[in-house]
Amino acid sequence: MNSQSSQGGRTEMYLILFGAPGVGKGTQAKLIRESYGIPHISTGEMLREAVKANTEIGRKAGTLMSYGKLVPDTIMLELIRERIKRPDCAKGFILDGFPRTLQQARELDQLMEELNLPHFVSIEIKVPDRIIIERLVNRRICESCGTDYNLITNPPPENMLCIKCNGQIGRRKDDHEMTIRRRLEVYNKETAPLREYYARENGYFEVDGSKSIKEVKSTISQLLSA
Ligand code: AMP
């Protein structure tokens with residue numbers, strides 16, 4: 001079965017967006033979610049919620065995240081296994097930030113097979129490190145609705161209250177230069193090798209993420225509708 005298959009007139013879409021932190025995976029995933037009506041699963045977001053709620057997983061993950069390190073595969077797989085079995089994933093989903101290691105990729109494939117689900121389309125978004133660092137040190141996020149701001153390109157209001165929901169706008173703990181550099185190192189060592197894993201399959205594409213949000217969105221839409 002293909003990652004985009006039509007069954008009984010409905011289109012299914014199983015997509016992995018991968019790329020270093022700050023390439024725009026989350027932004028693009030939200031746009032695709034709107035077009036396709038399938039959930040956007042961000043493991044980073046799930047973990048930040050667990051940290052906020054002070055759950056057992058949150059307590060285990062919090063410190064690792066604030067140092068820019070990866071959370072152990074066993075925890076991540078438990079989270080994903082539970083998430084993709086939920087009814088809202090019945091027509092597909094977009095993974096953002098998962099898988100991040102070869103072990104996660106292999107176990108995800110096993111899980112998909114177990115659930116009788118098709119192969120993924122995987123899209124790697126590429127952006128030079130210099131631009132990533134500039135984006136992330138200037139990134140600010142609404143703590144309630146997740147709307148992104150950027151001090152230079154899309155500044156938040158002076159009172160730091162979100163224009164969409166009036167929530168508090170803040171800075172992610174791991175969006176400081178030292179931690180960003182650590183996250184990029186971890187990405188290059190642990191996650192970049194996944195390129196070879198997915199490039200062996202037909203549905204692997206690379207997209208230049210240094211272009212505008214609109215241009216990247218249009219490239220991705222063309223790939224997905226092809
Ligand atoms: P993100 O929001 O995707 O940048 O993720 C923020 C942080 O959450 C990462 O730096 C990791 O500490 C942790 N994290 C998110 N997804 C994963 C994953 N698939 N495997 C391990 N750690 C993860």
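The values are calculated or read from the model by the stated rules, or taken from the named source; none is laboratory data. Predicted model, so just to flag it, every value in this text is computed and none were measured. So basically every Cβ, Gly included, is an ideal-geometry build from the backbone, and we count neighbours across all protein chains shown. Calculation scope for accessible area: heavy atoms of the full protein, side chains included, ligands and nucleic acids excluded. Shrake-Rupley method; radii C 1.70, N 1.55, O 1.52, S 1.80 Å.
Which condition does Ile80 not pass, out of (1) at pLDDT 95 or above; (2) touching an Asp or Glu at 6+ places or on another chain (Cβ under 6 Å), if it passes all the others?
(2)
Given Ala29, Ala53, which one is hydrophobic (A, V, I, L, M, F, W, C) and surrounded by fewer than 19 Cβ atoms within 10 Å (Cβ to Cβ)?
Step by step, each of Ala29, Ala53 is checked, and only Ala53 is hydrophobic (A, V, I, L, M, F, W, C) and surrounded by fewer than 19 Cβ atoms within 10 Å (Cβ to Cβ).
Just give me the residues in segment 164-179 being in contact with a Cys (Cβ under 7 Å, 6 or more places away or on another chain) and surrounded by 14 or more Cβ atoms within 10 Å (Cβ to Cβ), in sequence order.
Gly167, Ile169
Considering (1) away from the ligand (no atom under 13 Å from the Cβ); (2) modelled with pLDDT under 95; (3) under 16 Å from the mean Cα position of the chain (by Cα), say which one Leu15 fails and leave the rest.
(2)
With respect to the numbered conditions (1) within 27 Å of Glu12 (Cα to Cα); (2) more than 9 Å from the ligand (Cβ to nearest atom), which one is the sole condition not fulfilled by Phe98?
For Phe98, the failing item is (2).
Any chance you could count how many residues in segment 49-68 are in a helix (DSSP H, G or I) and touching a residue at least 40 places away in the same chain (Cβ under 8 Å)?
Final tally of qualifying residues: 2.
Would you call Arg48 within 15 Å of the chain's Cα centre (by Cα) and surrounded by 14 or more Cβ atoms within 10 Å (Cβ to Cβ)?
Taking the combined requirement at face value, the residue satisfies it.
Pull up segment 180-225, narrow it to residues that are modelled with pLDDT under 95, open to solvent by 70 Å² or more (accessible area, probe 1.4 Å) and outside any helix (DSSP H, G or I), then point me to the one that is farthest from Gln104 (Cα to Cα).
Across segment 180-225, the extreme among qualifying residues is Asn202.
Hey, any hits in segment 41-64 for a residue that's closer than 30 Å to Glu215 by Cα and more than 11 Å from the ligand (Cβ to nearest atom)?
no
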